[in-house]
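Structure, as structure tokens:
The values are calculated or read from the model by the stated rules, or taken from the named source; none is laboratory data. Bear in mind the structure is a predicted one, so any value in this text is a computation, not a measurement. Cβ placement follows ideal geometry from the backbone for every residue including glycine, while neighbour counts extend to all protein chains displayed.
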Amino acid sequence: MDAYLVITGTLLAAICIWKAFAVIKKYKTYIKLYSEKNVQSVGKFHPIWGHLHLIEHIDGFTEICFKLIRETKARVISFWIMFMFPLIFVCHPETAKVVLKSSEPKSKRVGGAYYPLLDWLGDGLLISDGKKWERNRRLLTPAFHFDVLKPYVSIYNKVFDIFLDKLEKATTGNKSIEIYEMIGLATLDTMLRCSVSYEGRVQEQGSNHPYVDAVRRLTYISQERLLRPWLMFDFTFYLSPLGREYSKHAKYVHNFDEKVIRERRQSLAADPSILKKRHLDFLDILLTARDEQGIGLTDIEVRDEVDTFLFEGHDTTASSIGWAIYALASHPEEQQKVYEEVQSVLGDKENVEWSDIQTFTRLSLFIKETMRMYSPVPMIARVTTREMNLGDVTLPVNTEVTIMINVLNHHREIWDKPEEFRPDRFATESTRDPYSYVPFSAGPRNCIGQHFALDEQKVALARLVQRFKILPDPDNVPIPTNEVVTRSKNGIHVRLEKR
């Protein structure tokens, strides 16, 4: 027995020493990287907190990045979350394009940018990688074909009929109104109708709808978890109040989706011809898609894609529309140009049609500039599976690298007077690097639903300026905050005048 204990103890000690050397070797590699002259540190490194002590919130980090760029023209920035999670941030098209052109996976390891979303969104297109991502991307691409998107335009009009009627009631007497919450409800209503044909009076019930509340809290908690490294590990997170709340909401969302999926499978099995009697929605395509071997998606895979589509499709679009409305109010001369175009295209019509969407040129420029000024998704992350050369900097394997989209969109080397709102900067062909403007990401992992999102935005904004003149509320100027999507700390307030 004594000999057994000695051998066991020796083996355990050897394993611990081997692991310790592996960790030391790994961190020596990172320390060498972060010491390079072409990698700019965000500030003084703390032996426990890393650089986390330098920022109170994610916006503080963005401010540091802008300061570094102005002072040092940095293209690669280093940041440590405590002493455990070393990160690299790129903020110039020359470095961003290298990452975006690659097929490197999303960072979903412990401490990674997408890790907090895993138990909610699962392994859908946003987070999956490798062969699974390639297969599912191929199977889901038909869901965003123009023939599938066309019938959605009538749904956009119905959703924004409700939205505009609610606005009109809320703004009687020239009162100021906070519109971001209402937009979020409208875009979620759109996503539920288009993805799973669910009409649950989402806008009428407002934030009292349990699905609305669940999605909002899951988004918030996921963001908070990134800023609290002690909650990054599951065993500490799920013991905390935030973890228990996250689990409750994720369970509700999953149960909701699974019920819809189960009922749709049953209806398709009972009457397969039903697909010929109505327009296809996202769920129809998910359930009927087959790969080269004739194998379809499992129920869990379908649920993950539905969760991903509902989250990505409504929250980011709400951000774009919300900031576009603020930009309309803040720039009356640009609002007038958009209004005149809408009147010219729609005439006496109230609803926007598919052919109209393709005709909105001024509105398209306006939306592009809004998404430059207020990036719906402020940053995206990858993790290297091989050495990656960013000009003079070589990233080792297993390095998390984040593209700062909002910083790219305001880089003074790329944009002339980036602080000014000027839609005309997109009106002519430019020698500007195409990777300087990537609101929907770029490369092989670009957003599969970008046309869906842009179509919805055009319908929403055209219908809005057709009915109302949008005016600013000088007493409530929005303060952008870079969460998972770009929101306003104090909401977005405007006043409306009926045309």
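Results for (1) modelled with pLDDT under 90; (2) in contact with a Leu (Cβ under 8 Å, 6 or more places away or on another chain), shown as yes or no for each residue.
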| position | (1), (2) |
| --- | --- |
| W80 | yes, yes |
| F89 | yes, no |
| V98 | no, yes |
| R109 | yes, no |
| L117 | no, yes |
| P142 | yes, no |
| V148 | yes, yes |
| V153 | no, no |
| F160 | no, yes |
Practice problem: Under 8 Å between Cβ atoms, at least 6 apart or on separate chains: pull out the pairs that start in region 156-169 with a residue that is basic (K, R) and end on any residue that is assigned to a helix (DSSP H, G or I). | Solution: K158/R193; K166/M182; K166/Q203
Quiz item: Any idea how many residues of region 447-499 are under 20 Å from the mean Cα position of the chain (by Cα), crowded, with 20+ Cβ neighbours inside 10 Å and among the small types (G, A, S)?
Solution: 4
Self-check item: Matching option when the condition is farther than 19 Å from V202 by Cβ, touching a residue at least 40 places away in the same chain (Cβ under 8 Å) and touching a strand residue (DSSP E or B) at 6+ places or on another chain (Cβ under 6 Å), among S319, S330
Solution: S330
Quiz item: Can you name every residue in region 409-435 that is of a type in the set (F, W, Y) and in contact (Cβ under 8 Å) with a residue 60 or more places away in the chain?
Solution: F421, F426, Y435
Self-check item: Selected residue (only one of L139, L125, L167 is in a helix (DSSP H, G or I), of a type in the set (A, V, I, L, M) and out of contact with any strand residue (DSSP E or B) (no Cβ under 8 Å at 6 or more places or on another chain))
Solution: L139
Exercise. For region 434-449, name all the residues that are assigned to a strand (DSSP E or B) and over 15 Å from A318 (Cβ atoms).
Key: S441
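Quick one: how many residues across region 450-499 are among the polar types (S, T, N, Q) and assigned to a helix (DSSP H, G or I)? It would help to see each step written out before you state the result.
Going residue by residue through region 450-499, those that are among the polar types (S, T, N, Q) are 450, 457, 466, 476, 481-482, 486, 488, 490.
Then keep just the ones that are assigned to a helix (DSSP H, G or I); that gives 450, 457, 466.
Qualifying residue count for the region: 3.
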